[in-house]
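The values are calculated or read from the model by the stated rules, or taken from the named source; none is laboratory data. Not measured: the values here are computed from a predicted model. Glycine also receives a Cβ, built like all others from the backbone with ideal geometry; neighbour counts cover every protein chain displayed. For the accessible areas, the whole protein counts, side chains as well, though only heavy atoms, and no ligand, DNA or RNA atoms are used. Shrake-Rupley method; radii C 1.70, N 1.55, O 1.52, S 1.80 Å.
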Amino acid sequence: MGPDVLFFFEKDPAALELYEVFETKVLAAVGDVAIRVQKTQITFTNPRVFAAVSLLPVRKKPQRPEHYITVTLGLPRQLESSRVDAVSEPYPTRWTHHLMIVSAEEIDGELMDWVKEAAAFSATKR
């Protein structure tokens, strides 16, 4: 864990724990991943971005937990899941999904299947 990641989560160290679990599972599930820490998000690429972690508040304040990370995935289809907090189709057949993760248990097999699908979809882009 580099100092740039620690700096990213400086305002919410509790969210760092969620990120660490997510990063570990992504690196185990998807080969040849590069991680880039930016000002507003941490991106996972292969070589294109297939996932990102941010502190984007995708829920209205009354429904927003105190500590969370938002995982963003790009998929070729719209997920039909109550776990998805926000979804958009910025380009035809490219769906952007935002999922607010509040516990390590939510970083489960279903989420990792979506991450692997996003990585495979990203790898087909030119």
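Tabulated data
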item	result
Ser81, sole failed condition from (1) small (Gly, Ala, Ser); (2) under 13 Å from the mean Cα position of the chain (by Cα); (3) under 15 Å from Ala118 (Cβ atoms)	(2)
Residue list for the stretch 28-60, filter: more than 16 Å from Ile101 (Cβ to Cβ), basic (Lys, Arg) and either in contact with a strand residue (DSSP E or B) (Cβ under 8 Å, 6 or more places away or on another chain) or surrounded by 14 or more Cβ atoms within 10 Å (Cβ to Cβ) (or both)	Arg36, Arg48
Of the criteria (1) open to solvent by 60 Å² or more (accessible area, probe 1.4 Å); (2) under 12 Å from the mean Cα position of the chain (by Cα); (3) not acidic (Asp, Glu), which one Met1 fails	(2)
